[in-house]
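Beneath this line is the structure, given in structure tokens, with notes to follow.
The values are calculated or read from the model by the stated rules, or taken from the named source; none is laboratory data. This is a predicted model, so every value here is computed, not measured. Note that each Cβ is placed from the backbone with ideal geometry, even for glycine, and that neighbours are counted across all protein chains shown.
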Amino acid sequence: MLSSTADHLYWMARSMERAENTARMLDVTYRMSLLKHATAEPFQEWSAILSISGLHYEFGQRYPEVNAEHMLRFMALDEGNPASIASSLNNARENARAVRGNISSEMWETINHTWIEMRNRAAQGLARDGVSAFFDWVKERSHLSRGITYGTMLRDEAFCFLRLGTFLERADNTARILDVKYHILLPSLEEVGGAADYYQWSAVLRSVSAFEAYRKVYKDLITPRRVAELLILRADMPRSLCASISVVARMLHSIGGSSSQDLQRRAGLLHATLDYGRIEDIFAQGLHEYLTDFLTKIRDIGDHIDSTYFWPTDA
Amino acid sequence: MPYDEMYTPEHAVRPHYRAFADWLAATPPEVIQRKREEAEITFHRVGITFAVYGEEAGRERLIPFDIVPRIIPADEWGLMAAGLRQRVRALNAFLYDIYHDQEILKAGRIPAQQVLSNSQYRKEMLGVEVPGRTYAHIAGIDLVRAGAGDYYVLEDNLRTPSGVSYMLEDRKMMMRLFPDLFATQRVAPVEHYPDLLLDTLRSVTPGDQVDPTVVLLTPGQFNSAYFEHAFLAQQMGIELVEGRDLFVRDDTVYMRTTRGPVRIDVIYRRIDDDFLDPQVFREDSVLGVPGLFDAYRSGRVTLANAVGTGIADDKAMYIHVPEMIRFYCGEEPILANVPTWELGKPQDRAYVLEHLPELVVKEVHGSGGYGMLVGPAATRDEITLFRERIKAEPERYIAQPTLALSTCPTFVESGIAPRHIDLRPFVLSGSEVKLVPGGLTRVALVENSLVVNSSQGGGTKDTWVVQG
């Protein structure tokens with residue numbers, strides 16, 4: 001496959017997954033913000049989003065202050081924000097358009113339709129159908145596009161690059177969502193185990209569709225340690241770091257290629273540490289420190305995917 | 001009254017339209033309205049769009065599609081097809097000749113200076129051997145019907161003619177919307193065009209490569225015809241590449257893939273000559289591939305169309321095509337040219353300047369309906385402006401009578417009304433000359449307008465060649 005085609009496929013899948021995760025993150029934040037007692041400072045949850053995505057500067061350039069309305073507009077509809085849902089969907093569509101010949105026509109039509117609909121919704125604003133209805137719509141379109149990919153694509157290299165993009169992005173996003181607690185709690189360390197704490201952790205679970213799964217697996221109170229274990233180490237939890245990196249490693253193995261050993265080794269190693277890791281050790285290291293380190297490793301794998309497949313030197 | 005494809009001047013339905021006319025009369029208007037809406041929704045969803053230059057707001061636009069087909073009787077088509085083959089054979093022979101021995105110039109049949117000092121003449125191509133001596137592998141020949149129904153060649157498009165994807169999509173749409181119409185009539189198929197195209201491209205591979213790698217080279221997704229590039233690549237099952245996907249080493253062209261470099265044999269390029277290779281042509285081109293022309297010249301890769309075909313479809317050369325047919329084929333032209341005045345000639349110029357309000361004036365190197373004057377539709381200021389331009393640079397222009405292009409019934413806001421049409425058949429030349437029956441019919445949707453270009457608000461129709 002053409003290097004540039006693989007590049008577009010990978011980013012198409014990443015952008016779609018990012019749109020979904022941004023919607024999930026905004027949805028949970030929006031819900032948290034409705035619980036007045038949730039945080040000490042007003043709009044602290046909203047600034048947490050900026051910390052997680054590293055967008056403080058970009059936001060400051062465009063909006064006078066952090067509040068729910070500004071944040072929703074900035075993260076959902078604002079095409080001036082490269083990480084907004086609108087930008088991600090636009091990105092997915094631009095990449096899909098560049099490789100129409102390599103994806104099934106159903107996939108193209110779905111992504112194109114999503115983009116057209118996004119423009120209509122952006123023009124009307126979020127107020128028309130309500131904020132949560134918009135996030136539900138984004139999630140639904142992402143589910144649909146992933147389902148169509150799975151249901152209509154030949155299991156070839158193109159399929160592998162699509163899955164690779166989806167799961168690398170998901171690993172990145174789940175790690176960031178899990179880290180949200182760290183950002184919200186700083187600087188005012190509230191008592192652990194209080195009502196606010198409970199709501200926040202359950203909101204984190206809900207944001208990755210893991211609330212029911214938690215109940216099923218632990219049949220017990222929600223504790224930070226178990227939430228972290230579920231979202232980091234459980235291989236049967238579809239949005240966990242372990243499950244995501246497992247697919248990443250498998251896809252890299254399928255794609256292969258003569259210069260991919262180093263890349264495969266890195267992904268395999270990361271997967272092994274998740275597969276055999278213990279939550280006690282992660283907490284001993286510090287959750288935030290662990291997640292920061294994990295994000296660095298993910299970025300490193302992304303860079304190696306770039307230099308191995310997308311921009312190889314002409315040897 | 002211009003010639004109408006469906007009705008005689010006495011308003012009787014012509015025989016080859018009878019089956020369609022019966023169907024139209026028997027189908028309730030609401031059904032047709034619903035089908036027209038369905039067509040529009042489907043085209044949007046599938047993303048069959050066209051980018052229009054210089055119009056930021058409408059960066060992607062749908063080309064309007066009309067459901068009334070343009071029908072051509074099979075015997076009429078047979079004659080047109082023979083004329084098209086003859087014309088394209090002569091044009092290819094002309095291109096080989098002027099880049100080699102220049103017999104036609106030596107024989108004094110075409111003024112040598114008009115060819116050799118034309119900006120479209122590529123000296124770089126002198127003496128270059130191309131497989132099968134074929135230059136214009138894909139030719140779009142625009143035909144119009146005027147007067148009592150005579151066909152004329154309006155212009156030859158031998159560089160990177162576009163529109164064939166609309167021909168294919170229009171047919172698909174008609175079969176989807178009105179399958180019953182196809183059940184009752186024998187409409188000649190066009191769906192195999194991509195197969196013929198791939199065959200043609202494979203037949204001009206350099207050397208004796210058994211399983212050549214063919215790619216389609218596009219300027220990228222912001223080009224107005226990008227949809228077509230992607231569509232054709234997908235239909236042929238070949239890679240759609242941009243300049244940055246290719247590189248040249250030892251006069252051999254490779255594409256960058258996830259498994260390393262892969263050698264390329266034939267490039268169906270939809271990039272103009274000027275942008276192909278920054279080392280030879282425009283230095284500032286970022287669309288092309290450095291070193292491509294050297295690889296081409298040394299016969300290591302085939303470009304379709306060849307470099308330098310622009311000289312043959314230049315409007316200054318158009319008047320000489322009948323002579324080319326006589327010279328190279330030893331035959332009389334089957335398809336006629338539109339009478340044309342050369343403004344470089346004092347006599348012609350004097351006549352044209354006196355009759356501007358009746359004539360169509362075209363820029364010699366222009367294309368796509370840009371830079372032309374349609375006398376009867378022009379304002380006084382526009383005519384004055386053109387008069388000055390002609391006086392300043394007469395060689396840049398030709399003039400033709402304003403042809404009363406034939407009309408075809410078309411759905412417009414007020415109902416069904418006649419609108420002017422033309423026809424672009426696509427002629428493929430490789431080891432043999434092939435074409436699918438019909439072509440792309442373009443329709444000027446604005447009342448009385450004669451400009452059918454999609455960049456100027458034209459639409460398209462399905463074109464049927466029907467066995468009588």
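When you scan the stretch A:14-99 for helices (runs of 4 or more DSSP H) that lie fully inside it, which ones turn up with 3 or more residues that are modelled with pLDDT under 85 and away from chain B (no Cβ under 14 Å)? Walk me through it before giving the result.
Working: elements: A:44-53, A:56-62, A:68-72, A:85-98.
By residue number, A:44-53.
Just one of the numbered conditions (1) within 12 Å of chain A (Cβ to nearest Cβ); (2) within 18 Å of B:A225 (Cβ to Cβ); (3) surrounded by fewer than 22 Cβ atoms within 10 Å (Cβ to Cβ) is not true of B:V241; which one?
Evaluating B:V241 over (1) within 12 Å of chain A (Cβ to nearest Cβ); (2) within 18 Å of B:A225 (Cβ to Cβ); (3) surrounded by fewer than 22 Cβ atoms within 10 Å (Cβ to Cβ) leaves (3) as the failure.
When only residues in the stretch A:1-13 that are under 15 Å from the mean Cα position of the chain (by Cα) and surrounded by 24 or more Cβ atoms within 10 Å (Cβ to Cβ) count, which is farthest from the other protein chains (Cβ to nearest Cβ)?
Taking the stretch A:1-13 and keeping what is under 15 Å from the mean Cα position of the chain (by Cα), we get A:10-13.
In the following step, the residues that additionally are surrounded by 24 or more Cβ atoms within 10 Å (Cβ to Cβ) were identified as A:10, A:12-13.
Details: A:Y10: 11, A:M12: 13, A:A13: 15 Å.
Going through the qualifying residues, I end up with A:A13.
Which ones in the stretch B:212-235 are crowded, with 22+ Cβ neighbours inside 10 Å and either within 11 Å of chain A (Cβ to nearest Cβ) or of a type in the set (A, V, I, L, M) (or both)? Working first, answer last.
Of the residues in the stretch B:212-235, the ones crowded, with 22+ Cβ neighbours inside 10 Å are B:214-219, B:226-233.
B:V214, B:V215, B:L216, B:L217, B:T218, B:Y226, B:F227, B:H229, B:A230, B:F231, B:L232, B:A233, listed by residue number.
Working carefully through the options B:S165, B:S203, find the one that is small (G, A, S) and within 21 Å of the chain's Cα centre (by Cα). Write out each step before concluding.
Values: B:S203 fails: within 21 Å of the chain's Cα centre (by Cα).
B:S165 is the lone residue from the list that is small (G, A, S) and within 21 Å of the chain's Cα centre (by Cα).
Based on this model, can you work out whether B:S285 counts as surrounded by fewer than 24 Cβ atoms within 10 Å (Cβ to Cβ) and in contact with a Phe, Trp or Tyr (Cβ under 6 Å, 6 or more places away or on another chain)?
For B:S285, the condition - surrounded by fewer than 24 Cβ atoms within 10 Å (Cβ to Cβ) and in contact with a Phe, Trp or Tyr (Cβ under 6 Å, 6 or more places away or on another chain) - is met.
Quick one: in the stretch B:252-270, of everything that is in a loop (DSSP other than H, G, I, E, B) and modelled with pLDDT of 95 or more, which residue is nearest to B:L216 (Cα to Cα)? Steps first, answer last, please.
From the stretch B:252-270, those in a loop (DSSP other than H, G, I, E, B) are B:258-259, B:264-265, B:270; that's our starting set.
Adding the requirement that they be modelled with pLDDT of 95 or more leaves B:264-265, B:270.
Numbers: B:I264: 11, B:D265: 11, B:R270: 7 Å.
This residue is B:R270.
Take A:S51 and decide whether it is surrounded by fewer than 21 Cβ atoms within 10 Å (Cβ to Cβ), touching a residue at least 40 places away in the same chain (Cβ under 8 Å) and among the small types (G, A, S).
Details: surrounded by fewer than 21 Cβ atoms within 10 Å (Cβ to Cβ): yes; touching a residue at least 40 places away in the same chain (Cβ under 8 Å): yes; among the small types (G, A, S): yes.
Yes, satisfied.
If you go through the stretch B:97-122, how many residues are over 25 Å from the mean Cα position of the chain (by Cα) and either acidic (D, E) or closer than 23 Å to B:V266 by Cα (or both)?
3
Which number in (1) at pLDDT 95 or above; (2) assigned to a loop (DSSP other than H, G, I, E, B); (3) in contact with a Phe, Trp or Tyr (Cβ under 7 Å, 6 or more places away or on another chain) marks the one condition that B:S224 misses?
If we test B:S224 against (1) at pLDDT 95 or above; (2) assigned to a loop (DSSP other than H, G, I, E, B); (3) in contact with a Phe, Trp or Tyr (Cβ under 7 Å, 6 or more places away or on another chain), just (1) comes out false.
Is at least one residue of the stretch B:258-270 free of Cβ contacts under 8 Å to residues at least 60 places away in the same chain, in contact with a Pro (Cβ under 8 Å, 6 or more places away or on another chain) and surrounded by fewer than 23 Cβ atoms within 10 Å (Cβ to Cβ)?
Step one: filter the stretch B:258-270 for residues free of Cβ contacts under 8 Å to residues at least 60 places away in the same chain, giving B:258-264, B:267.
Right, trim to in contact with a Pro (Cβ under 8 Å, 6 or more places away or on another chain) and you get B:260.
Now drop any that are not surrounded by fewer than 23 Cβ atoms within 10 Å (Cβ to Cβ), which leaves B:260.
Yes.
Give all pairs with beta carbons closer than 7 Å in which a residue from the stretch A:283-312 that is closer than 30 Å to A:G257 by Cβ and within 14 Å of another protein chain (Cβ to nearest Cβ) meets a residue that is among the acidic types (D, E) and part of a helix (DSSP H, G or I); count only pairs at least 6 apart in sequence or on separate chains.
Going by the 7 Å Cβ cut-off, the qualifying pairs are A:H304/A:D262; A:F310/A:D7.
Spot the failing condition for B:M255; the list is (1) within 14 Å of chain A (Cβ to nearest Cβ); (2) free of Cβ contacts under 8 Å to residues at least 24 places away in the same chain; (3) touching an Asp or Glu at 6+ places or on another chain (Cβ under 7 Å), and only one is missed.
(2)
If you go through the stretch A:159-177 one residue at a time, do you hit one that is over 30 Å from A:R226 (Cα atoms) and without any contact (Cβ under 8 Å) to a residue 24 or more places away in the chain?
Step one: filter the stretch A:159-177 for residues over 30 Å from A:R226 (Cα atoms), giving A:159-162.
Now restrict to residues that are without any contact (Cβ under 8 Å) to a residue 24 or more places away in the chain: A:159.
Yes, there is a match, as at least one residue in the stretch A:159-177 is over 30 Å from A:R226 (Cα atoms) and without any contact (Cβ under 8 Å) to a residue 24 or more places away in the chain.
Do we find a residue being more than 14 Å from chain B (Cβ to nearest Cβ), in a helix (DSSP H, G or I) and touching an Asp or Glu at 6+ places or on another chain (Cβ under 8 Å) anywhere in the stretch A:100-118?
Taking the stretch A:100-118 as the starting set, the residues that turn out to be more than 14 Å from chain B (Cβ to nearest Cβ) are A:118.
Next, from what is left, pick out any that are in a helix (DSSP H, G or I): A:118.
With the extra rule that they be touching an Asp or Glu at 6+ places or on another chain (Cβ under 8 Å), the set shrinks to none.
Among the residues of the stretch A:100-118, not one is more than 14 Å from chain B (Cβ to nearest Cβ), in a helix (DSSP H, G or I) and touching an Asp or Glu at 6+ places or on another chain (Cβ under 8 Å), which makes the answer no.
Against the conditions (1) under 26 Å from the mean Cα position of the chain (by Cα); (2) of a type in the set (G, A, S); (3) under 23 Å from A:F310 (Cβ atoms), where does B:G260 fall short? Just the number, please.
Going through (1) under 26 Å from the mean Cα position of the chain (by Cα); (2) of a type in the set (G, A, S); (3) under 23 Å from A:F310 (Cβ atoms) one by one, B:G260 breaks only (1).
When you scan the stretch A:190-271 for helices (runs of 4 or more DSSP H) that lie fully inside it, which ones turn up with 2 or more residues that are within 14 Å of chain B (Cβ to nearest Cβ)?
Working: elements: A:195-207, A:211-218, A:224-232, A:241-255.
So the answer is A:241-255.
Can you find even one residue in the stretch B:328-343 that is of a type in the set (G, A, S), crowded, with 17+ Cβ neighbours inside 10 Å, away from chain A (no Cβ under 14 Å) and within 30 Å of B:Q86 (Cα to Cα)? Show your work before the answer.
First, pick out the residues of the stretch B:328-343 that are of a type in the set (G, A, S): B:330, B:336.
Imposing the further condition that a residue be crowded, with 17+ Cβ neighbours inside 10 Å reduces the set to none.
No.
Considering B:V452, B:V374, which residue is crowded, with 21+ Cβ neighbours inside 10 Å and either out of contact with any Ser or Thr (no Cβ under 8 Å at 6 or more places or on another chain) or among the β-branched types (V, I, T) (or both)? Working first, answer last.
Numbers: B:V374 fails: crowded, with 21+ Cβ neighbours inside 10 Å.
Only one candidate qualifies: B:V452.
Those residues that are crowded, with 19+ Cβ neighbours inside 10 Å, over 18 Å from B:G299 (Cβ atoms) and not hydrophobic (A, V, I, L, M, F, W, C), I need them from the stretch B:196-211; list them, please.
B:T200, the sole residue that qualifies.
Here are some conditions: (1) at pLDDT below 95; (2) surrounded by fewer than 20 Cβ atoms within 10 Å (Cβ to Cβ). A:W137 meets all but one. Which one does it not meet?
For A:W137, the exception is condition (1).
Looking at the stretch A:239-246, can you tell me whether even one residue there is exposed (fewer than 15 other Cβ atoms within 10 Å of the Cβ) and either in contact with an Asp or Glu (Cβ under 8 Å, 6 or more places away or on another chain) or not small (G, A, S) (or both)?
no
Hand me the list of helices (runs of 4 or more DSSP H) wholly inside the stretch B:48-116 holding 1 or more residues that are buried (at least 19 other Cβ atoms within 10 Å of the Cβ) and at pLDDT below 95.
On the way: elements: B:74-98, B:103-106, B:112-116.
Because the criterion is at least 1 residues that are buried (at least 19 other Cβ atoms within 10 Å of the Cβ) and at pLDDT below 95, the helices (runs of 4 or more DSSP H) in the stretch B:48-116 that meet it are B:112-116.
If A:V131 satisfies all but one of (1) surrounded by 18 or more Cβ atoms within 10 Å (Cβ to Cβ); (2) away from chain B (no Cβ under 12 Å), what's the number of the condition it fails?
A:V131 satisfies every listed condition except (1).
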